[in-house]
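These notes concern the structure reproduced below.
The values are calculated or read from the model by the stated rules, or taken from the named source; none is laboratory data. Because the structure is a prediction, the values reported are computed rather than measured. Ideal geometry is used to build each Cβ from the backbone, glycine not excepted, and the neighbour counts take in all protein chains shown. For accessibility, only protein heavy atoms count, side chains too; no ligands or nucleic acids. Shrake-Rupley method; radii C 1.70, N 1.55, O 1.52, S 1.80 Å.
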Amino acid sequence: MTAQNSATADRTIAVTTTGTPAATVADADAADAPGATSAVPAPVPAPQRGTLLAALGVVAFSLTFPSTAWGLESFGPWSLVAVRSLLAALIAGAFLLTGRVPLPERRHWAGLAVVAGGVVIGFPLLTTLALRTSTTSHAAVVVGLLPLTTAAFAALRTGRRPSRTFWTAAIAGAVVVLGFTLQQSGGALSTGDLYLFGALLVCAAGYTEGGRLARLMPGWQVIGWALVLCLPLMTAAAAVALAHEPVRLTAHGVIGLLWVAAGSTFFGLYVWYRGMAAIGIPRASQLQLAQPLLTLVWSVTLLGEDLAPAAPLAAVGVLVCIAVTQRAKA
């Protein structure tokens, strides 16, 4: 996805309905390229459709941890991450070639590199390593802190400051998630938790930069070019990892690999970035408060994990926070 900025130092794009601003993003790096000319940004979905697209992304992401657990039945952690990214990059490359999409402008490659490092490599690798010792339900709740982390990154990156009501609700949702996590782990953090917290940071950075770029070009091109950027590295990594880690193909393992490659990494990020472009990064990020709850459902139904007694209470608290953040002015 090529982002095209105006030559001004800072530009705000707003999507409105019935006169109410639904999303604003400041394009802070528009002046990076001397002599840049004004360009028309990519079409942005209506706010209602944007919410639906972001919600579809959350559903796709909620299946990532169970699918990763299945994938680990057949592949080692390094092999799984490398192969999933390689397959996703090939899918993205095919779409880009079919659509004859031109290369992004040079000044946007740095932003695409942040997306690639955060959501294509960093988050999958760190969460896959965490799932060797953590259950999917535990990992899902820890990653429930991602909305607040993303909102904080977005505020720093764009210069926009959500309202106090928004922050109060976001922090409350994070407290619910963190309290649930500590209650389940007995008050102590494991090595897997450290991997997960690292994943939060890199993923929030990737989401924020990808959401900014998706305001200016189609979301599928953003993730598409980020994946293609990783193709040489992931090809080499897959060759090395497959040579050193055992592979035991099972139905679950193959299904898990295919979903994390096509479903989570490509389709999920495509609709997610489109949704963020329409309703704004902070507000879209709060929809992800529902992601750990959905993953808990998949963990029980697909993996047979026991549902924690505190999960229903956490679900109610998180859903209340989502409702408040969606109504608060961002």
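Structure notes:
- Among the candidates Ala236, Ala251, residue that is out of contact with any helix residue (DSSP H, G or I) (no Cβ under 8 Å at 6 or more places or on another chain), open to solvent by 60 Å² or more (accessible area, probe 1.4 Å) and modelled with pLDDT of 85 or more: Ala251
- Matching option when the condition is of a type in the set (Gly, Ala, Ser) and modelled with pLDDT of 80 or more, among Gly179, Gly159, Gly187: Gly179
- Listing of helices (runs of 4 or more DSSP H) fully contained in the range 160-272 that carry 2 or more residues being farther than 25 Å from Leu319 by Cα and touching a residue at least 12 places away in the same chain (Cβ under 8 Å): 191-213, 219-244, 251-258
- Complete set of residues in the range 124-148 that are open to solvent by 30 Å² or more (accessible area, probe 1.4 Å) and hydrophobic (A, V, I, L, M, F, W, C): Leu125, Leu126, Leu148
- Scope the range 79-103; condition farther than 17 Å from Pro232 by Cβ and in contact with a helix residue (DSSP H, G or I) (Cβ under 9 Å, 6 or more places away or on another chain); matching residues: Ser79, Leu80, Phe95, Gly99, Val101
- Filter pass, Ala310 being modelled with pLDDT under 80, within 16 Å of Val175 (Cα to Cα) and open to solvent by 10 Å² or more (accessible area, probe 1.4 Å): yes
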